[in-house]
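K.L.:
Pasting in a structure now, in structure tokens, and then I'll have a few things to ask.
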Amino acid sequence: MPFEKNEDSVILKLPSGATAEILYYGATIISWKSPSQSGLGDDVEERLFVSKKSALDGSKPIRGGIPVVFPIFGPPVKPEHSKLGQHGFARSSVWHWDDVVMDTDTGVSIRLRRFFL
């Protein structure tokens, strides 16, 4: 099985040892590990920065990783966006597991939804 569902995140896994962890809060990728460039042993290296100051409990957006930024980038400047936080609502929303889109030896793709259907 190339993915592992947890209470707060999902971890995607490849046979090469590479993994990516996606936090349901903000649908933010908080970890991407891949085999070391040396090719020696089974070592994997973290490739993403996530600040040690980040609260991973859903109390505020993650500092670092790869966030979903929608529908704006930066602080709201248009009147119709005035009630949105910086970078929009997507990175501060709780997303939910929906389905596996692709599951092969070369990759795995999943779908998260913001709302339950």
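K.L.:
Would you check which residues across segment 75-117 are charged (D, E, K, R) and either farther than 18 Å from Thr28 by Cα or in a loop (DSSP other than H, G, I, E, B) (or both) and list them?
P.N.:
Scanning segment 75-117 gives Lys78, Glu80, Lys83, Asp103, Asp105, Arg114.
K.L.:
When segment 13-34 is examined, which residues are found to be over 18 Å from Val100 (Cβ atoms) and surrounded by fewer than 20 Cβ atoms within 10 Å (Cβ to Cβ)?
P.N.:
Scanning segment 13-34 gives Ser16, Gly17, Ser31, Trp32, Lys33, Ser34.
K.L.:
Shifting gears a bit: With the requirement that a residue be surrounded by 15 or more Cβ atoms within 10 Å (Cβ to Cβ), at pLDDT 85 or above and of a type outside the set (A, V, I, L, M), what does segment 35-60 give you?
P.N.:
Once the filter is applied, which keeps residues that are surrounded by 15 or more Cβ atoms within 10 Å (Cβ to Cβ), at pLDDT 85 or above and of a type outside the set (A, V, I, L, M), segment 35-60 yields only Ser54.
K.L.:
Same structure again: Looking only at segment 1-27, how many residues end up being within 15 Å of Val108 (Cβ to Cβ), among the charged types (D, E, K, R) and at pLDDT 90 or above?
P.N.:
3
The values are calculated or read from the model by the stated rules, or taken from the named source; none is laboratory data. Nothing here was measured: the structure is a model prediction, and the numbers come from that model. Note: ideal-geometry Cβ built from the backbone for every residue, glycine included; neighbour counts use all protein chains shown.
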